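The values are calculated or read from the model by the stated rules, or taken from the named source; none is laboratory data. Here the structure is a predicted model, which means the values were calculated and not measured. We place every Cβ from the backbone using ideal geometry, glycine too, and count neighbours over all the protein chains shown.
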Amino acid sequence: MADSIVFVQIQGDGRVTEVVIPEKISATALRGRLREVGVLNTDDFLVFVDEAEEQVREGATPLPDIRHGTRVHITRCHKIHVSVNYVNKTIEREFAPGARVRSVKRWAVHELHLDHKDAAEHVLQLCGSTERPPSDTPLHVLLRNGCRLCFDLVPEKRVEGRP
């Protein structure tokens with residue numbers, strides 16, 4: 001049986017760990033392998049594959065979506081409550097821990113009824129900071145405390161005109 005490399009990311013940690021797993025693996029075996037390599041060190045962490053809404057549960061066999069290059073997310077949050085501020089509006093929704101920043105922006109643009117041009121000129125920025133995470137960043141990596149994230153939808157560049 002061939003092996004695959006998966007990319008493991010842990011809540012609040014931007015690093016990526018490569019883990020070799022068998023191509024066909026059960027949920028129990030995946031969690032065991034993650035423990036074996038030291039990236040899953042307590043049972044209170046949940047394991048998610050890519051942007052899946054449901055966690056990997058012990059006993060589920062096999063896991064169909066795991067292949068070479070799959071992202072595996074280790075988090076304490078079953079869902080991440082996200083709020084996005086734009087001008088004088090705030091919208092909120094829950095996302096899977098492995099959902100990426102681009103999914104939040106896509107949702108926000110739709111919910112706020114922004115046209116394509118305006119959407120292209122705006123980015124998500126973490127509230128109270130100047131941090132603008134790359135669009136492929138999984139949400140759980142941005143968590144510091146709890147299972148909530150706040151973004152401001154801001155212009156990517158502000159061009160000031162002449163007086």
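Observations on the structure shown:
- Qualifying residue in region 112-123 (condition: closer than 15 Å to ILE91 by Cα and among the acidic types (Asp, Glu)): no
- Counting only residues that are part of a loop (DSSP other than H, G, I, E, B), polar (S, T, N, Q) and more than 20 Å from ALA99 (Cβ to Cβ), region 1-51 holds 3 of them.
- Taken over region 19-29, the criterion of being surrounded by 14 or more Cβ atoms within 10 Å (Cβ to Cβ) and at pLDDT 90 or above is satisfied by VAL19, ILE21.
- Per-region count, region 110-144, residues under 18 Å from the mean Cα position of the chain (by Cα) and over 13 Å from VAL82 (Cα atoms): 10
- Condition check for SER103: out of contact with any Phe, Trp or Tyr (no Cβ under 9 Å at 6 or more places or on another chain), surrounded by 14 or more Cβ atoms within 10 Å (Cβ to Cβ), within 24 Å of ASP50 (Cβ to Cβ) and small (Gly, Ala, Ser): no
- Qualifying residue in region 37-47 (condition: surrounded by fewer than 19 Cβ atoms within 10 Å (Cβ to Cβ), under 14 Å from PRO138 (Cα atoms) and under 13 Å from the mean Cα position of the chain (by Cα)): no
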